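The values are calculated or read from the model by the stated rules, or taken from the named source; none is laboratory data. All figures in this text were calculated on a predicted structure; none of them were measured in a lab. Counting neighbours? That spans all protein chains shown, and the Cβs are built from the backbone with ideal geometry, glycine included. Protein only, heavy atoms only, side chains kept; ligands, DNA and RNA dropped before computing areas. Shrake-Rupley method; radii C 1.70, N 1.55, O 1.52, S 1.80 Å.
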Amino acid sequence: MPLRYAVIGTGMMGQEHIRNIALLDDAEIVAIADTDPSMRAKGLATAVEHGSAAAAAYASHDDLIAQCDVDAYVVVTPNDTHAGIMDALLGTNKPILLEKPAATTPRDAWAMAQAARTRPAPVWVGMEYRFMPAVSRLIEELEAGTAGRPHMVSIMEHRFPFLDKVEFWNRSFARTGGTMVEKCCHFFDLMRFLTRSEPLRVFASGGQDVNFLGDFDKPGHQPVIDNAYVIVEFENGMRASLDLCMFAEGSWWQEQVSVVGDKAKLVASVPGPARFNPDAGARLSRFGVFPRGDALRHEEDIDIDRALLDAGDHAGSTYFQHRAFADMVQAQSAPQVTLDDGAMAVEMGAAAETAIKEKRAIDIEARPALLKGAA
């Protein structure tokens, strides 16, 4: 019997999740929910188009929970709604995939993690960037010791501005937690994953210099950071940096992730979505190993199935994440990305926002009390 999914939130990213679930062998969308009638209609149309002709549509998550039996929930609503929706879903005893960020504030994110501690069914936080094929290759080689002892992590994202969404919710600090939380929680999660350590201190400089200037008399608009440099120091002595620019959609590579060790440098490079760059569909992701000394470098192109590229904007990673999530549900195993991971990413993002606004380094308390309680 196929896994029965309910998708709550059917905007752009919700529809990407629907398309990727449809690519799984034994899965179907049985229900969608969205408070916005237009998005609800588009989400249902996407589900039907991709093989879930019997999917039901609901105007609220409460109605969906009460009226539809499912095997797993996927939450893809605006950030500020996550806490309330999760409060309802945590009582269902069904697996949940919660899109990043877990919440808009560290307080809400840690409270969610605490509320789920004794829950038997797993909660997975949607950090797609871990599952980009080029990044997966980097992780594979890092774990194999190819870089030697790692010391530095560098992440660059040079991309397009925030897209137009319902009520411009993604351009509101109150609704997103700010760019460093909304967009960059992905990268802070990657930093922790690659360093295998916890953050101690965050330095950052950034601002809003190009995008949406003069738009803030419109409903929903608030100033949002569109470029920044962030440096994070970790407990194990490693350092990580983020270089973010959201007015650089002409870049050949949208993301580059590198780890430098005492033996070699590992680099994963990912192009932007084809729909924003006419030739991007012809660009392959790339992974490279660049050893110290006289050893030969190695570079390989990573060709991703076109069906996966067409299903979303994240280089196939949404599919690979869903494949892993479905395997977890079927095996009744633990999530690869936990609510603690999600909360720490929010903690780091909020620290970066504060560091930029207050022009000072932010110390992150030695692992928040709620996380200590999970040990």
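Of these, D313, D327, which one is assigned to a loop (DSSP other than H, G, I, E, B) and either closer than 29 Å to A102 by Cβ or modelled with pLDDT under 95 (or both)?
Working: D327 fails: assigned to a loop (DSSP other than H, G, I, E, B).
Unique residue meeting the criteria: D313.
Select the strands (runs of 3 or more DSSP E) contained entirely in segment 1-75, then report the ones holding at least 2 residues which are without any contact (Cβ under 8 Å) to a residue 60 or more places away in the chain, small (G, A, S) and over 27 Å from F162 (Cα atoms). Even if it seems obvious, please write down each step before you answer.
Numbers: elements: 3-8, 27-33, 56-58, 72-75.
So the answer is 56-58.
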Lone unmet requirement of (1) in contact with a strand residue (DSSP E or B) (Cβ under 7 Å, 6 or more places away or on another chain); (2) of a type in the set (A, V, I, L, M, F, W, C); (3) within 24 Å of V125 (Cα to Cα) for L308: (1)
Flag if A248 is closer than 19 Å to E16 by Cα and at pLDDT 90 or above: no
Condition broken by V224, with the remaining ones in (1) of a type in the set (V, I, T); (2) within 19 Å of A361 (Cα to Cα); (3) surrounded by 19 or more Cβ atoms within 10 Å (Cβ to Cβ); (4) touching a Ser or Thr at 6+ places or on another chain (Cβ under 7 Å) satisfied: (2)
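Do we have P133 as of a type outside the set (A, V, I, L, M), more than 15 Å from the chain's Cα centre (by Cα) and surrounded by 18 or more Cβ atoms within 10 Å (Cβ to Cβ) here?
On the way: of a type outside the set (A, V, I, L, M): yes; more than 15 Å from the chain's Cα centre (by Cα): no; surrounded by 18 or more Cβ atoms within 10 Å (Cβ to Cβ): yes.
No; evaluated as a whole, the condition is false for this residue.
Could you list all residues from segment 184-207 that are of a type in the set (V, I, T) and either open to solvent by 10 Å² or more (accessible area, probe 1.4 Å) or touching a helix residue (DSSP H, G or I) at 6+ places or on another chain (Cβ under 8 Å) (or both)? So that I can check it myself, show each step before the final result.
From segment 184-207, those of a type in the set (V, I, T) are 195, 202; that's our starting set.
Scanning segment 184-207 gives a single hit, V202.
Starting from residues that are among the charged types (D, E, K, R), at pLDDT 95 or above and in contact with a helix residue (DSSP H, G or I) (Cβ under 9 Å, 6 or more places away or on another chain), keep the ones in segment 20-40 and report whichever is farthest from A315 (Cα to Cα). Steps first, answer last, please.
First, pick out the residues of segment 20-40 that are among the charged types (D, E, K, R): 25-26, 28, 34, 36, 40.
Narrowing the set further to residues that are at pLDDT 95 or above leaves 28, 34, 36, 40.
Those left that are additionally in contact with a helix residue (DSSP H, G or I) (Cβ under 9 Å, 6 or more places away or on another chain): 28, 34, 36.
Values: E28: 22, D34: 26, D36: 28 Å.
In this case the residue turns out to be D36.
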Qualifying residue in segment 41-61 (condition: touching a Leu at 6+ places or on another chain (Cβ under 7 Å), open to solvent by less than 20 Å² (accessible area, probe 1.4 Å), modelled with pLDDT of 95 or more and over 17 Å from V125 (Cα atoms)): yes
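Which of the residues belonging to segment 283-306 are outside any strand (DSSP E or B) and under 25 Å from the mean Cα position of the chain (by Cα)? Quick ask: steps written out before the conclusion?
Narrowing segment 283-306 to residues outside any strand (DSSP E or B): 283-284, 292-297, 303-306.
If the condition is that a residue be outside any strand (DSSP E or B) and under 25 Å from the mean Cα position of the chain (by Cα), then R283, L284, D303, I304, D305, R306 are the ones that fit.
Might you let me know whether segment 302-310 holds any residue that is open to solvent by less than 10 Å² (accessible area, probe 1.4 Å) and within 30 Å of G145 (Cβ to Cβ)? Break it down stepwise before answering.
Quick first cut of segment 302-310, residues open to solvent by less than 10 Å² (accessible area, probe 1.4 Å) only: none.
Within segment 302-310, none of the residues are open to solvent by less than 10 Å² (accessible area, probe 1.4 Å) and within 30 Å of G145 (Cβ to Cβ).
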Pairs, first without any contact (Cβ under 8 Å) to a residue 24 or more places away in the chain and of a type in the set (D, E, K, R) in segment 323-336, second open to solvent by less than 60 Å² (accessible area, probe 1.4 Å) and not in a helix (DSSP H, G or I), C-beta under 9 Å, six or more apart: D327/S333
Residue in segment 147-178 that is surrounded by the fewest Cβ atoms within 10 Å (Cβ to Cβ), counting only those that are under 30 Å from R306 (Cα atoms) and of a type in the set (S, T, N, Q): S154
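Determine whether V70 is closer than 16 Å to H17 by Cβ, in contact with a Pro (Cβ under 8 Å, 6 or more places away or on another chain), open to solvent by less than 50 Å² (accessible area, probe 1.4 Å) and at pLDDT 95 or above.
no
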Selection from segment 8-40 of residues that are of a type outside the set (S, T, N, Q), within 21 Å of Q67 (Cβ to Cβ) and open to solvent by 60 Å² or more (accessible area, probe 1.4 Å): E28, P37
